[in-house]
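> Have a look at the structure that comes next, please.
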Amino acid sequence: MEISRVGIVGAGTMGSGIAQVCAASGIDVTLIDVSDEVLDRARKTMEKSLARLVKKEAITEQQSTEALRRVSTATSLSAVKETQFVIEAVIEDRDLKRKIFAELDGLAGKEVILATNTSSISITDIAAATGRADKVIGMHFMNPVPVMKLVEIIRGLATSDVTYQAVEALATRVGKTPVEVQDYPGFVSNRVLMPMINEAIYCLMEGVADREAIDTVMKLGMNHPMGPLALADLIGLDVCLHIMEVLYSGYSDSKYRPCPLLRKMVAAGRLGRKTASGFYDYSA
Ligand SMILES: NC(=O)c1ccc[n+]([C@@H]2O[C@H](COP(=O)([O-])OP(=O)(O)OC[C@H]3O[C@@H](n4cnc5c(N)ncnc54)[C@H](O)[C@@H]3O)[C@@H](O)[C@H]2O)c1
């Protein structure tokens, strides 16, 4: 089935980015969130992001206008009735996602695929809240969505091949490179990234090197665009801790134990850029 309209639930950082790339690829979008204020903010975010692309001559003014015109908004989940594919990008809360998936299951057409952009929650667990586990799948975009090429596609235990292929085709259609991953804690992206960040925090805690030295080793020595401590500040230290906890409990393996310094930073409310203070200071 050719997808002409996608429903996106959650219009925050990720939902607005996903809406933008879908609309810029010629797909109509219904963007759903809890209030018109949030949806207005999402529209402004898309406008700014598209304007940057026009400035860089990556797209034309007309393409930008057309993309924005393709996005309509709604504050009720029932708007998914008009869509052929749904991507959920609400906050990272298992109970909320399961509740939304149960509702989506009752509202969306019975052939409609329900994808989630979760970074850490089991796809199989979310799928179990619906009566269509074969049509539930992870579609993990990276932040910022308009820039990052990867989509990690995560197959839950019951996800069908037909569902996987449809999601792979959609990811390609919106200009991304899909990678197939099975449903295990942290998938691949966070299972590899977060222990590296956690180990960098151990290096700092143990005095192996100072923050600049640790980040410089990884930037200049490993060609990473950012050092792991600066990256942790960007992601949010609470998010990093949460994902380490998911890995630690999911594998019951001590190699994933969160660094005590990471716990201490989160307890102190030093969450990185969003609080203007993390491993680095952003108050200036
Ligand atoms: N931010 C990232 O770097 C990143 C990267 C990859 C994946 N993710 C995942 O994407 C998802 C969204 O993350 P985000 O950073 O965009 O969060 P965000 O906080 O920016 O946005 C979440 C949105 O969900 C909305 N929401 C909450 N309850 C809702 C409901 N009942 N119905 C509709 N909308 C509701 C909120 O109003 C908010 O606009 C999470 O699962 C997160 O783990 C985030």
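The values are calculated or read from the model by the stated rules, or taken from the named source; none is laboratory data. Note that the coordinates shown come from a computational prediction; the quantities given were computed from them, not determined experimentally. Cβ coordinates were reconstructed from backbone atoms using ideal geometry, including for glycine residues, and neighbour counts include every protein chain displayed.
> Looking only at the range 95-128, count how many residues are more than 20 Å from L39 (Cβ to Cβ), more than 10 Å from the ligand (Cβ to nearest atom), in contact with a Lys or Arg (Cβ under 9 Å, 6 or more places away or on another chain) and free of Cβ contacts under 8 Å to residues at least 40 places away in the same chain.
So the count comes out to 9.
> Can you name the residue in the range 10-25 that is within 10 Å of the ligand (Cβ to nearest atom) and of a type outside the set (V, I, T) and is also surrounded by the fewest Cβ atoms within 10 Å (Cβ to Cβ) among such residues?
Initially, the range 10-25 is screened for residues within 10 Å of the ligand (Cβ to nearest atom), giving 10-18.
After this cut, where a residue has to be of a type outside the set (V, I, T) as well, the list is 10-12, 14-17.
Details: G10: 26, A11: 27, G12: 15, M14: 22, G15: 27, S16: 26, G17: 25.
It comes out as G12.
> Go through the range 137-175 and give me each residue that's more than 14 Å from the chain's Cα centre (by Cα) and charged (D, E, K, R).
Listed by number, the residues that qualify are R155, D161, E168, R173.
> Which number in (1) closer than 21 Å to S120 by Cβ; (2) in contact with a strand residue (DSSP E or B) (Cβ under 8 Å, 6 or more places away or on another chain) marks the one condition that V246 misses?
Unmet for V246, out of (1) closer than 21 Å to S120 by Cβ; (2) in contact with a strand residue (DSSP E or B) (Cβ under 8 Å, 6 or more places away or on another chain): (2).
> Return yes or no: is E92 touching a residue at least 60 places away in the same chain (Cβ under 8 Å) and crowded, with 16+ Cβ neighbours inside 10 Å?
On the way: touching a residue at least 60 places away in the same chain (Cβ under 8 Å): yes; crowded, with 16+ Cβ neighbours inside 10 Å: yes.
So E92 passes the test.
> Just to be sure I understand, how many residues within the range 137-151 are outside any loop (DSSP other than H, G, I, E, B) and surrounded by 20 or more Cβ atoms within 10 Å (Cβ to Cβ)?
Applying the first criterion (outside any loop (DSSP other than H, G, I, E, B)) to the range 137-151 yields 137-141, 150-151.
Now restrict to residues that are surrounded by 20 or more Cβ atoms within 10 Å (Cβ to Cβ): 137-141, 151.
Count: 6.
> I'd like to check which strands (runs of 3 or more DSSP E) are fully inside the range 1-74 and have at least 1 residues that are out of contact with any Gly (no Cβ under 8 Å at 6 or more places or on another chain) and of a type in the set (D, E, K, R). Give the steps one after another, and end with the answer.
On the way: elements: 5-9, 28-32, 71-74.
Counting at least 1 such residues, we get 5-9, 28-32.
> Keeping to the range 26-36, report how many residues are exposed (fewer than 15 other Cβ atoms within 10 Å of the Cβ) and either within 9 Å of the ligand (Cβ to nearest atom) or closer than 18 Å to A115 by Cβ (or both). Don't jump to the end; show me each part of the working.
First, pick out the residues of the range 26-36 that are exposed (fewer than 15 other Cβ atoms within 10 Å of the Cβ): 26, 34-36.
When the remaining residues are screened for being either within 9 Å of the ligand (Cβ to nearest atom) or closer than 18 Å to A115 by Cβ (or both), the result is 34-35.
Residues flagged as exposed (fewer than 15 other Cβ atoms within 10 Å of the Cβ) and either within 9 Å of the ligand (Cβ to nearest atom) or closer than 18 Å to A115 by Cβ (or both) within the range 26-36 amount to 2.
> For the range 148-170, indicate whether the set of residues that are more than 16 Å from the ligand (Cβ to nearest atom), among the hydrophobic types (A, V, I, L, M, F, W, C) and outside the structural domain of T124 (by TED's automatic domain parsing) is non-empty. Please lay out each step first, then the result.
If we filter the range 148-170 for residues that are more than 16 Å from the ligand (Cβ to nearest atom), which is where we start, we get 155, 157-166, 168-170.
Going one step further and asking which of them are among the hydrophobic types (A, V, I, L, M, F, W, C), we end up with 157-158, 162, 166, 169-170.
After this cut, where a residue has to be outside the structural domain of T124 (by TED's automatic domain parsing) as well, the list is none.
Among the residues of the range 148-170, not one is more than 16 Å from the ligand (Cβ to nearest atom), among the hydrophobic types (A, V, I, L, M, F, W, C) and outside the structural domain of T124 (by TED's automatic domain parsing), which makes the answer no.
> Closer than 24 Å to M46 by Cβ, at pLDDT 95 or above and crowded, with 20+ Cβ neighbours inside 10 Å: which single residue out of T159, T118 fits that description? It would help to see each step written out before you state the result.
Numbers: T159 fails: closer than 24 Å to M46 by Cβ.
Only one candidate qualifies: T118.
> Determine which member of the set V71, V54 is among the aliphatic types (A, V, I, L, M), surrounded by 18 or more Cβ atoms within 10 Å (Cβ to Cβ) and away from the ligand (no atom under 14 Å from the Cβ). Please lay out each step first, then the result.
Numbers: V54 fails: surrounded by 18 or more Cβ atoms within 10 Å (Cβ to Cβ).
Exactly one of V71, V54 is among the aliphatic types (A, V, I, L, M), surrounded by 18 or more Cβ atoms within 10 Å (Cβ to Cβ) and away from the ligand (no atom under 14 Å from the Cβ), namely V71.
> If you don't mind, there's one more thing I want to ask. When you look at I59, is it away from the ligand (no atom under 15 Å from the Cβ), without any contact (Cβ under 8 Å) to a residue 60 or more places away in the chain and closer than 16 Å to V145 by Cβ, yes or no? Please lay out each step first, then the result.
Working: away from the ligand (no atom under 15 Å from the Cβ): yes; without any contact (Cβ under 8 Å) to a residue 60 or more places away in the chain: yes; closer than 16 Å to V145 by Cβ: yes.
In short, yes.
> Considering every residue within the range 161-181, establish whether at least one is closer than 16 Å to T118 by Cα, polar (S, T, N, Q) and not in a helix (DSSP H, G or I).
No; the residues of the range 161-181 include none that is closer than 16 Å to T118 by Cα, polar (S, T, N, Q) and not in a helix (DSSP H, G or I).
> Pick out the one residue from I201, I197, I137, I214 that is of a type in the set (V, I, T) and either over 25 Å from R257 (Cα atoms) or outside the structural domain of R270 (by TED's automatic domain parsing) (or both). Before the answer, list the steps.
Numbers: I201 fails: either over 25 Å from R257 (Cα atoms) or outside the structural domain of R270 (by TED's automatic domain parsing) (or both); I197 fails: either over 25 Å from R257 (Cα atoms) or outside the structural domain of R270 (by TED's automatic domain parsing) (or both); I214 fails: either over 25 Å from R257 (Cα atoms) or outside the structural domain of R270 (by TED's automatic domain parsing) (or both).
Being of a type in the set (V, I, T) and either over 25 Å from R257 (Cα atoms) or outside the structural domain of R270 (by TED's automatic domain parsing) (or both) holds for just one of I201, I197, I137, I214, which is I137.
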